[in-house]
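The values are calculated or read from the model by the stated rules, or taken from the named source; none is laboratory data. All figures in this text were calculated on a predicted structure; none of them were measured in a lab. Backbone-built Cβ (ideal geometry, glycine too); neighbour counts: all protein chains shown.
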Amino acid sequence: MRTAVLIVAAGRGSRMGGEVPKQWQLLAGKPVLAHTVAAFAGMQVLLVIHPDDRARAEALGVPLVEGGATRDASVLAGLRALEGTGVEAVLIHDGARPLVSRALVERLVVALEAHDGAAPAVAVTDALWRGAAGLVAGTVDRAGLWRAQTPQAFRFAPILEAHLAHPGGAADDVEVARAAGLDVVIVEGEEANLKLTFPGDFARAEAILKGREMDVRLGNGYDVHAFCEGDHVWLCGVKVPHGKGLLGHSDADVGMHALTDAIYGALAEGDVGRHFPPSDPQWQGAASHIFLAHAIRLAAERGYRLGNCDVTLVCERPKIGPHAIAMQQELARIMGVDAGRVSVKATTSERLGFTGREEGIAAIATATLVKA
């Protein structure tokens with residue numbers, strides 16, 4: 001069925017307080033309605049607004065229609081605007097519910113295949129009281145009670161006819177539909193699909209959004225350096241005595257290079273060579289902590305922090321174990337993180353390949369970046 005989304009946002013939201021209606025107040029840096037509209041990305045959306053809000057509503061980039069003095073009048077205005085457009089089903093949604101999930105939308109659309117209407121709800125699990133003068137005056141049986149949510153989905157022609165026939169004053173569109181004799185099936189709702197009504201609801205909504213928008217990135221790096229004449233090697237920022245050195249344009253710290261590439265990889269920023277090309281003589285013999293510090297700084301500038309990293313050195317010799325803790329601590333110091341987020345370990349290649357023949361050292365690294 002061709003489905004449209006009718007977002008009702010013409011109210012003034014007096015219980016919320018503030019200088020502007022709640023649907024235009026900022027939630028995580030954007031107007032509430034910007035989140036609500038984004039939840040239906042890729043679908044046909046019509047936004048019902050108050051005439052005073054037209055200028056700010058135009059910035060959302062969706063079609064607009066002006067609503068009425070009541071919610072059901074606004075819904076009717078939106079339905080009339082959709083009439084004749086070929087829409088077969090409509091999802092009617094409160095603009096102040098910005099956290100609706102696509103999974104919930106899909107459940108509603110599927111339910112419409114067998115019913116005139118479908119609406120999400122959450123079963124009441126708390127005890128219910130009646131109150132009078134601030135005192136508990138009685139208890140209400142919660143069996144069979146549900147907390148209604150939106151979007152409420154209907155086949156288009158029947159719900160338009162139901163609204164045209166209704167006298168007004170309905171609590172929601174399910175009441176209008178039932179008054180017209182339409183069957184409305186209950187679809188599983190979501191606790192996160194809250195309606196912003198009071199100031200404290202914004203804090204809850206921001207916490208939910210933060211959880212949804214967690215951005216975790218994973219990168220890996222691999223590097224090799226051949227042995228050459230020398231009496232030490234630099235590995236993960238630690239000078240390790242050895243009968244050979246490592247050949248490279250910089251200090252050839254193979255472990256730190258692999259880790260730096262892992263961070264660049266998580267950022268989709270290439271590798272060390274992109275940022276510090278070996279053709280540039282200024283990096284001849286440079287200390288590799290310069291590269292690692294640049295990578296972690298770039299991550300911070302993009303809003304990421306290091307979740308953890310793991311470096312594996314592959315060699316027969318030198319033995320890494322006696323130096324592993326010092327390497328862990330030095331990498332942590334360079335990146336400005338707790339040592340518990342850094343792992344350094346080693347393995348051999350069982351005398352196989354160039355590392356097994358002690359021709360050089362290889363390193364593999366993985367880094368996880370988390371949006372701060």
* Please state which of the following conditions I159 fails to meet, knowing it meets all the rest: (1) among the hydrophobic types (A, V, I, L, M, F, W, C); (2) modelled with pLDDT of 95 or more; (3) loosely packed, with under 13 Cβ neighbours inside 10 Å. => (3)
* L352 being within 37 Å of the chain's Cα centre (by Cα), of a type outside the set (S, T, N, Q) and closer than 20 Å to F227 by Cβ -> no
* To do: Grab the strands (runs of 3 or more DSSP E) fully contained in the range 168-266, keeping just those with 1 or more residues being in contact with a strand residue (DSSP E or B) (Cβ under 7 Å, 6 or more places away or on another chain), free of Cβ contacts under 8 Å to residues at least 60 places away in the same chain and not acidic (D, E).
  => 216-228, 232-235, 238-241
* Asked: Looking at the range 318-338, which of its residues are surrounded by 13 or more Cβ atoms within 10 Å (Cβ to Cβ) and modelled with pLDDT under 95?
  -> V337
* Structure fact -> Restricting the range 199-228 to residues that are exposed (fewer than 13 other Cβ atoms within 10 Å of the Cβ) and farther than 30 Å from L313 by Cα, the one modelled with the lowest pLDDT turns out to be E213
* With respect to the numbered conditions (1) farther than 22 Å from R97 by Cβ; (2) crowded, with 19+ Cβ neighbours inside 10 Å, which one is the sole condition not fulfilled by A179? -> (2)
* Asked: Can you pull out the residues in the range 280-315 that are within 18 Å of V238 (Cβ to Cβ) and among the acidic types (D, E)?
  -> D310
